[in-house]
Amino acid sequence: MPARSGVLEAAARGSSPGRSHGTTVKPSRAVSRLLTAAAATASSEAVPDVPPGSSFRVGVDLGTASCVLVVLARDADGGPERPVWVASHPSGALADGVVVD
């Protein structure tokens, strides 16, 4: 599955590639750190180190052009959540600029 690290890095900086709305929203530091870590995870081939007892949250974005899956882990000691797996795959719903079912 191709990684979407470029989009995640742009989001961490507060910009949206491909959008021309003219407004930029700067994410908070915590969100920026999480997006930067997700971009690094998406572009890495390393197997994440997840200690036993960790809890997980999974997020799915079923977008028009692609589907993105993110797995966040929190160690048993209650530390901050961190991305351990990020992947995307073209969804096939967008063809030549027309949304199809």
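Summary table
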| read-out | value |
| --- | --- |
| Verdict on ALA3 being in a helix (DSSP H, G or I), touching a Ser or Thr at 6+ places or on another chain (Cβ under 6 Å) and either among the acidic types (Asp, Glu) or modelled with pLDDT under 90 (or both) | no |
| Selected residue (criterion: modelled with the lowest pLDDT) from residues of region 82-92 that are open to solvent by 30 Å² or more (accessible area, probe 1.4 Å) and either part of a loop (DSSP other than H, G, I, E, B) or of a type in the set (Gly, Ala, Ser) (or both) | GLY92 |
| Out of GLY14, GLY79, sole residue that is out of contact with any helix residue (DSSP H, G or I) (no Cβ under 6 Å at 6 or more places or on another chain), open to solvent by less than 80 Å² (accessible area, probe 1.4 Å) and at pLDDT below 65 | GLY14 |
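The values are calculated or read from the model by the stated rules, or taken from the named source; none is laboratory data. These numbers were taken from a predicted model, which means no experiment stands behind them. Quick reminder, even Gly has a Cβ in these numbers, built from the backbone with ideal geometry, and neighbours come from all protein chains shown. Quick note on the areas: whole protein, heavy atoms, side chains included, nothing else; ligands and nucleic acids left out. Shrake-Rupley method; radii C 1.70, N 1.55, O 1.52, S 1.80 Å.
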